[in-house]
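Structure, as structure tokens:
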Amino acid sequence: MSKKFLIVGGVAGGASTAARLRRLSEEDEIIMFERGPHVSFSNCCLPYHLSGVVEDAESLVLMNPNKFLSQYNIEARVNNEVVSIDRHKKEVIVKNLATGEEYVEAYDKLILSPGAKPIVPPINGIEKVNTFTVRNVVDIDKLNKFVKGLKSKNVSVIGGGFIGVEVAENLREAGYNVTLIEAMSQIMKPFDYDMIQILHKELYDHGIRLIISDKVSAFEKDTVVLESGKKVETEAVVMAIGVVPETELAVKAGLEIGETGAIKVDQNYKTSDENIYAVGDAIEVYNPLIGKMTKLPLAGPAQKQAREVADHIFGMLVLNTGFIGSSVIKCFDYNAASTGLNEGMIKAYNLDIKYEVVKVIPGDKVGLMPGCEPLHFKLLFEIPTGRILGAQAIGKGNVDKRIDVIATAIKFGAKINDLRDLELCYAPPFGTAKDVVNYAGYVGSNLLNGVFKQVRESDVRELIENGAYIIDVREKSEYKLSHIIGAKNIPLSELRDRTNEIPKDKPVYLHCRSAQRSYNAAMALKHLGFENIYNISGGFMGICFYEYFNDETTGREKIVTDYNFL
Ligand SMILES: Cc1cc2nc3c(=O)[nH]c(=O)nc-3n(C[C@H](O)[C@H](O)[C@H](O)COP(=O)(O)OP(=O)(O)OC[C@H]3O[C@@H](n4cnc5c(N)ncnc54)[C@H](O)[C@@H]3O)c2cc1C
């Protein structure tokens, strides 16, 4: 006997569920309800309409109800909001937003994919500014048309998450004076503070006024007022401080809500009602690295969950391995990707994990190739097991490939030593014979085996303040160009002849450009009987990136004579 499937929400999770259900059965009835005027649009491309990369707002809509009907025999009802669920009768009440009329639709199985909505807190004076949020095509079209008419071109984006950064970047590309305001000490939490300094720099260098560690306290007429007392003149405010799962329908229907405030589902994405499933931004998912339920508003998980729900409805085996969170963003000339745990998350979740950090900055392809760029790569692994916990990569080239490899490695339970053996494809325009991922495996296994000791570039300021003995092992010409104030220059090429200049009675910190030559120097000194040698991970380049934004924006004293980012 044919069944009737109703779906709430017609975008990532909803449309994917509908399509998979149809592929698994030709005879069942599938109706998808969408409150907005569009189904199946590209949320992820929305910010790119502001810069004109996506010229036409309508092209953001990938499918329309006619196509759903003709190609898939799926009824997509736009401007139709599901307002309540009668679980006992297995019916939903739907409001046709065009006519105001309400009607009833019965179901065999109901799938909820209502997503998450932007948070707009009731900040004092919010009615005195033109506020916008970015969730759908209507929103972005409205924002784009509004900013086009601005005289001052002053736009403020509140919140430095993915959406805030993408909106800020695209507005800046379109020539607006953009202020990006973030209450925390850094933007984008999937990245650690040390790594994110690269993007802080990138935003700053591209003329975005990035304000961190300052919170919006109120709005005045065309003005954002910050807790510090700073005032930012603005004609438009984009609120991007985060999203909250749309749970109203579920709550009203008495479905169980989880510890995170999102809809609780079991391993098959079934809610507390046998006949109701839920997927996407509205649900909480298990993160096996954290060992807890988390919210993960990303398109990939939503679409994968959608497929699994349809499979489960049709009796296929579903294996829910949880989600570790993998994401990527473009920020002007840089690409930044991350997966799994970072140091900030380990602290925030108070996880009892002992870990070590690998930080390397090799070229992303063979140096002779055009466009070879440094790739800043950070990886965390557990001590003593070597279990890979997470990684972050930021560079101008291909970072997502590297992070995808690590995401895969984590999913398959790989250890740091496993990375050494991975056979990754290589030709000079694409990478290096030993890819950065292999390289991280070498450094990590050395650290695990106690082959050398390291400090981080983020420790260097304090080391200098405490009068630490730092040796720069780069060549003299490099040192002359710029160096750490107070560092002694003993090039690697002269090191073995000048060991008498190196103290044995105190720690000695070595660095070069990217920590590779200084690693060689550290190993040489170790074999020559020096016991207190530390390599500074990230090297001079890492130190420059780490220090730059805060130097520029706080006016504090520099610890380098000049920066070198190459
Ligand atoms: C600007 C932006 C950029 C993004 N970029 C990325 C990215 O680069 N990478 C990435 O992985 N993720 C990105 N995301 C997140 C990604 O889009 C979401 O994780 C994904 O769309 C979630 O799918 P969903 O089906 O749960 O919710 P949605 O795609 O939001 O769909 C939910 C739909 O349900 C409708 N709805 C809600 N309640 C009802 C109701 N009662 N009746 C009828 N309809 C209802 C809503 O109107 C909405 O259209 C981005 C999101 C935004 C907003």
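The values are calculated or read from the model by the stated rules, or taken from the named source; none is laboratory data. Here the structure is a predicted model, which means the values were calculated and not measured. A quick note on method: Cβ atoms are made from the backbone with ideal geometry, for glycine too, and the neighbour counts reach across all protein chains shown.
Of the set (1) in a helix (DSSP H, G or I); (2) closer than 27 Å to Lys347 by Cα, all apply to Asn438 but (2). Filtering segment 105-118 to residues that are assigned to a strand (DSSP E or B) and closer than 16 Å to Val78 by Cα leaves Glu105, Leu112. The condition (being buried (at least 22 other Cβ atoms within 10 Å of the Cβ) and either at pLDDT 95 or above or of a type in the set (Ser, Thr, Tyr) (or both)) is satisfied by just one residue among Val451, Val508, Val455, Val473: Val473.
Against the definition (within 16 Å of the ligand (Cβ to nearest atom), outside any loop (DSSP other than H, G, I, E, B) and hydrophobic (A, V, I, L, M, F, W, C)), how does Leu249 come out, yes or no? Show your work before the answer.
Values: within 16 Å of the ligand (Cβ to nearest atom): yes; outside any loop (DSSP other than H, G, I, E, B): yes; hydrophobic (A, V, I, L, M, F, W, C): yes.
Spelling it out, Leu249 is indeed within 16 Å of the ligand (Cβ to nearest atom), outside any loop (DSSP other than H, G, I, E, B) and hydrophobic (A, V, I, L, M, F, W, C).
Sort out which residues of segment 299-334 are of a type outside the set (A, V, I, L, M, F, W, C) and within 12 Å of the ligand (Cβ to nearest atom), and write them in order of number. Matches in segment 299-334: Gly300, Pro301, Gln303, Lys304, Gln305, Gly325, Ser326, Ser327, Lys330. Output yes when any residue across segment 216-233 is within 16 Å of the ligand (Cβ to nearest atom) and not in a loop (DSSP other than H, G, I, E, B), and no when none is. Checking segment 216-233: not a single residue is within 16 Å of the ligand (Cβ to nearest atom) and not in a loop (DSSP other than H, G, I, E, B). Among the residues of segment 2-26, those identified as under 19 Å from Ile93 (Cα atoms), touching a helix residue (DSSP H, G or I) at 6+ places or on another chain (Cβ under 9 Å) and within 13 Å of the ligand (Cβ to nearest atom) are Ile7, Val8, Gly9, Gly10, Gly14.
When segment 317-335 is filtered for residues that are touching a residue at least 40 places away in the same chain (Cβ under 8 Å) and either in a loop (DSSP other than H, G, I, E, B) or out of contact with any Gly (no Cβ under 8 Å at 6 or more places or on another chain) (or both), the ones remaining, listed by number, are Val318, Asn320, Thr321, Ile324, Gly325, Ser327, Val328, Ile329, Lys330, Cys331, Phe332, Asp333. Summed over segment 156-175, residues that are in a loop (DSSP other than H, G, I, E, B) and surrounded by fewer than 24 Cβ atoms within 10 Å (Cβ to Cβ) total 3. Which residue, of Glu274, Glu284, is free of Cβ contacts under 8 Å to residues at least 60 places away in the same chain and either in a loop (DSSP other than H, G, I, E, B) or more than 14 Å from the ligand (Cβ to nearest atom) (or both)? Of the residues listed, the single one that is free of Cβ contacts under 8 Å to residues at least 60 places away in the same chain and either in a loop (DSSP other than H, G, I, E, B) or more than 14 Å from the ligand (Cβ to nearest atom) (or both) is Glu274. Screening Ile290 on (1) among the β-branched types (Val, Ile, Thr); (2) within 16 Å of the ligand (Cβ to nearest atom); (3) in a loop (DSSP other than H, G, I, E, B) shows it passes everything except condition (2).
Residue under question is Ile111, and the condition is that it be within 13 Å of the ligand (Cβ to nearest atom) and under 29 Å from Val251 (Cα atoms); does it hold? Here the answer is yes, as Ile111 does meet what is asked. For segment 392-432, what are the residues that are touching a residue at least 60 places away in the same chain (Cβ under 8 Å) and small (Gly, Ala, Ser)? Correct list: Gly395, Gly397, Ala407, Gly431.
Taking segment 353-376 as the range and being part of a loop (DSSP other than H, G, I, E, B), over 17 Å from Ile198 (Cβ atoms) and touching a helix residue (DSSP H, G or I) at 6+ places or on another chain (Cβ under 9 Å) as the test, only Ile353 passes. Restricting Ile241, Ile198 to residues that are crowded, with 18+ Cβ neighbours inside 10 Å and either touching a Ser or Thr at 6+ places or on another chain (Cβ under 8 Å) or part of a loop (DSSP other than H, G, I, E, B) (or both) narrows the list to Ile241.
I'm checking my understanding of the structure. Among residues of segment 441-491 that are among the polar types (S, T, N, Q) and not in a helix (DSSP H, G or I), which one is nearest to Asn520 (Cα to Cα)? Walk me through how you get there before you give the answer.
Of segment 441-491, the ones among the polar types (S, T, N, Q) are 445-446, 449, 454, 458, 466, 477, 482, 489.
If we keep only those that are not in a helix (DSSP H, G or I) as well, we get 449, 454, 466, 482, 489.
On the way: Asn449: 16, Gln454: 13, Asn466: 26, Ser482: 21, Asn489: 15 Å.
Only one residue fits best here, namely Gln454.
Just to be sure, is Asp108 of a type outside the set (Gly, Ala, Ser) and more than 21 Å from Val39 (Cβ to Cβ)? Yes, satisfied. Of all the criteria given as (1) more than 13 Å from Pro47 (Cβ to Cβ); (2) surrounded by 14 or more Cβ atoms within 10 Å (Cβ to Cβ), the one not satisfied by Asp86 is (2).
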